[in-house]
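One structure is given below, encoded as structure tokens.
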Amino acid sequence: MSEAIDLLKRDEAPLTAAEWAAIDETVRQVAETNLVGRRMLPIYGPLGGGVQTVIHDIFKATTIGGVDLLGQSGEGEVTPDERHYLPLPLIYKDFRMHWRDIDAFHHGLPLDAGAAAVAAAWCARAEDQLIFSGDKRLGIAGLTTASGRLTRKMGDWSQEGSAFSDIVAATAQLLAAGFDG
């Protein structure tokens, strides 16, 4: 947590460690409840406020790994076909806590972190919007807007076995296109 504390410049705010802990717990609970995209995709970070781009390599290899006795066939080498530097936007929502609420916490009352909770919920929505729909203004594609994405018409899931059949067919389509895992 010390890295996050430095990243957030918490020592510059007039809050105690207990107040920060209460805010952090509220934000964590709200984020855990609201974030959908992170349940489907591996998300890594935080990377730090100064990181403005991430590398995205594209691999188009169509052959499986090499098999020989000395490992010298060259079949097993994988190198990226393309490298892109993607902008890393900030997702944020400022909030303000009233000094009287903080003072009440000092006197044993629960900290009213409602403003932090609302800000966290809006940030969760913004993150999911970015993951699923992208942001045209920033030139970022989302899962539903990316060019070259695979799509599949959904069957009637009210029919027994239809959902399973659709998922199996979609998985086969992804595997055939080289999207393992």
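The values are calculated or read from the model by the stated rules, or taken from the named source; none is laboratory data. Fair warning: this is a prediction, and the values are worked out from it, not measured in the lab. With ideal geometry, Cβ positions are generated from the backbone for all residues, glycine too; neighbour counts draw on all protein chains shown. Areas reflect the complete protein model, heavy atoms only, side chains present, ligands, DNA and RNA absent. Shrake-Rupley method; radii C 1.70, N 1.55, O 1.52, S 1.80 Å.
Add -39500 (n - 2.57) for each DSSP H run of 4 or more in the chain, then divide by its residues: what number comes out at 222 nm, to the nearest 500 deg cm²/dmol? Mind dumping the intermediate values first?
Values: 6 runs with 72 residues, N = 181.
So the helix-based figure for the chain works out to -12500 deg cm²/dmol.
May I ask for the net charge around PRO110, where only other residues with Cβ less than 12 Å from the Cβ of PRO110 are counted and Lys, Arg are +1 while Asp, Glu are -1? It would help to have the intermediate numbers written out before the result.
Numbers: positive: none; negative: GLU19, GLU25, ASP101, ASP112.
Here the charged neighbours net out to -4.
With a 1.4 Å probe and every protein chain kept in, tell me what percent of the accessible surface of the chain is carbon plus sulfur. Before the final figure, lay out each step's value.
Numbers: 8190 of 14260 Å².
Result for the chain: 57 percent of the exposed heavy-atom area is carbon or sulfur.
Looking at the stretch 32-86, which trypsin sites (Lys or Arg not before Pro) are DSSP coil and have at most 13 other C-beta atoms within 10 Å of their C-beta? Before the final figure, lay out each step's value.
Working: sites: ARG38, ARG39, LYS60, ARG83; in loops: LYS60.
Sites meeting the loop and neighbour criteria: LYS60.
Inverting the mean 1/r over all pairs of different Cα atoms, compute the Kirkwood radius of the stretch 48-153 and quote it in Å.
On the way: mean 1/r = 0.0532 Å⁻¹.
Across the stretch 48-153, the inverse of the average 1/r is 18.8 Å.
Would you kindly derive the ³J(HN,Hα) couplings of the stretch 137-148 from the backbone phi angles with the Karplus curve 6.51 cos²θ - 1.76 cosθ + 1.60 (θ = phi - 60°), listing them in order in whole Hz, with x for Gly and Pro?
Karplus values, whole Hz, x for Gly and Pro: 4, 8, x, 10, 8, x, 4, 8, 10, 5, 6, x.
Once you keep just the Cα pairs under 8 angstrom separated by 6 or more residues, what percentage relative contact order results for the chain? Could the numbers behind the result be given before it?
On the way: 140 pairs, mean separation 35.4, N = 181.
Taking the mean separation of contacting Cα pairs over the length of the chain, I get 20 percent.
Could you tell me the calculated FRET efficiency between GLN72 and THR171, based on Cβ-Cβ distance and R0 = 35 angstrom, to the nearest 0.05? Intermediate results must be reported in sequence, preceding the final value.
Numbers: r = 35 Å, r/R0 = 0.99.
About 0.50, to the nearest 0.05.
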